[in-house]
1. Before I look further, what does the chain give for accessible area per residue, probe 1.4 Å, in whole square angstrom?
2. What is the log10 of I(q)/I(0) for the range 83-129, computed with the Debye formula using one identical point scatterer on each Cα and no solvent, at q = 0.21, 0.26, 0.27 Å⁻¹?
3. Would the range 134-272 count as rounded, prolate or oblate if I go by the C-alpha gyration tensor, calling it rounded below 1.5 in a/c and otherwise prolate when a/b exceeds b/c, oblate otherwise?
4. Rounded if a/c is under 1.5, else prolate if a/b beats b/c, else oblate: with a ≥ b ≥ c from the C-alpha gyration tensor eigenvalues square-rooted, which is the chain?
5. How much of residue 18 can a 1.4 Å solvent probe reach, expressed as accessible area in Å² and rounded to 10?
6. If you roll a 1.4 Å probe over the range 108-218 with all protein chains in place, what percent of the accessible area is carbon or sulfur?
7. Which shape class, rounded, prolate or oblate, goes with the range 178-241 when its Cα gyration tensor gives a ≥ b ≥ c as root eigenvalues, a/c under 1.5 marks rounded, and past that a/b bigger than b/c marks prolate?
8. Could you tell me how far the Cα centroid of the range 71-112 sits from the Cα centroid of the range 165-204, in Å?
Amino acid sequence: MEWTRLMVLDLEPGEAYTHASGECEWIVLPLSGGCRIRCRALPNPASPACEARGPEQSPGDGPEVFQLQGRSGVFGGTTDFVYLPRDADAEVTSASGGRFALAGARCETRLPARYGPAADVPVELRGAGRCSRQVNNFAAAGPDGFDCDRLIAVEVLTPGGNWSSYPPHKHDEHHPGEESRLEEIYYFEIAPHGDTPGLGYQRVSPSPAGKTDILTEVRTGDAVLIPDGWHGPSMAAPGHDMYYLNVMAGPGATREWLIRDHPDHGWIRGSWDGQDVDPRLPFSRTEDHR
C-alpha cells in the first residue's frame, strides 16, 4: 500500500513497544486494554517537504506523555486515542497488557501530538433493516472531524446477520466533488458465540481503476487491503457481531471521503425508507467503569 499503514500490537503486561513514526502520521487506538504513550518530536523532519501546522512540541522539550484508559474490547464502547505526528519517536506501554491498533498514513505536514477523548467520538447509525450498522467516526474527514493531514479512520460495528459496507462503493479515482482517491485497509474482529470463533466475509470486485477481486472469509486479526475496487458487502455471519477498523489515505490535496455507489446496487439506499434501524443498535456508547 502506498499511502495507508496498519500495525496491531499484542502487548503482555508491562511490555513496551518502541515506534518511529517516520514519514507517517499515526493514531494509537486501543482495541482492548489501556496504555501509556510517550511521544518525542525529532529535531529534523525526515522530509524537506514537511511543514508544521499549528502549535508543535519543541524538539528540545521533554517527551509528551498520554494515558489511555482504553476499553475491554471493540464491542465495549468508544475509546480514547492518541495522535502521533510524523518525524517523532514514541513508546507504547501497557501495565495490564492489551491489543492496540496503530493506524497510519504517509503525509507531509507535521501536526502536534494530541489526545482524543472517548466521549468526543461521534457515533452514527447508518442504513436500516439488515443493512444497519454503527460507525464510530473517531478520525473522520470533514470540518467537525479530528484534524489529521491525510489519515481518515473510523470503526464500523455490524450486528450478526447484517451486511455493511453496502451498497458496494469505491473511491479509487479523483473526480472533483464526486469521488476522492483513497486506499483502504479493513482490520476485522468478530465476536465469538460461546466457544465458537466468529467469522464473516468480505467482497471486493474490480472497478475501472483496478483489478482487485476478493471474496474471503475473515476472522479476528485478519486484514483486507483495498488499493482499488468496489468494496462491499462486509457480511457478518448470524450470531457473530462484526467489527472492522477502516484506515484510508490518498494523494489528494484535500482530505475528504467522497464515494461512488456501484451502479447495479445503489438503489438499495432507497429501500431503507420506512425501515427501522436494527434494534440491536447502538452498541454500548461507553463502558460503565468510565
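The values are calculated or read from the model by the stated rules, or taken from the named source; none is laboratory data. Quantities reported herein were computed from a predicted structural model and do not represent experimental measurements. To get the accessible areas, we keep the full protein, side chains included, count just its heavy atoms, and leave off ligands, DNA and RNA. Shrake-Rupley method; radii C 1.70, N 1.55, O 1.52, S 1.80 Å.
1. On the way: 12400 Å² over 290 residues.
It amounts to 43 Å² per residue over the chain.
2. Here log10 of I(q) over I(0) equals -1.01, -1.17, -1.19.
3. Values: a/c = 1.78, a/b = 1.45, b/c = 1.23.
It is prolate, given that a/c is not under 1.5 and a/b is the larger ratio.
4. Values: a/c = 1.90, a/b = 1.29, b/c = 1.47.
Here the chain falls in the oblate category.
5. So the heavy atoms of residue 18 present about 100 Å² to solvent.
6. Details: 2230 of 4300 Å².
Carbon plus sulfur share of accessible area: 52 percent.
7. prolate
8. Centre-to-centre (Cα) distance: 21 Å.
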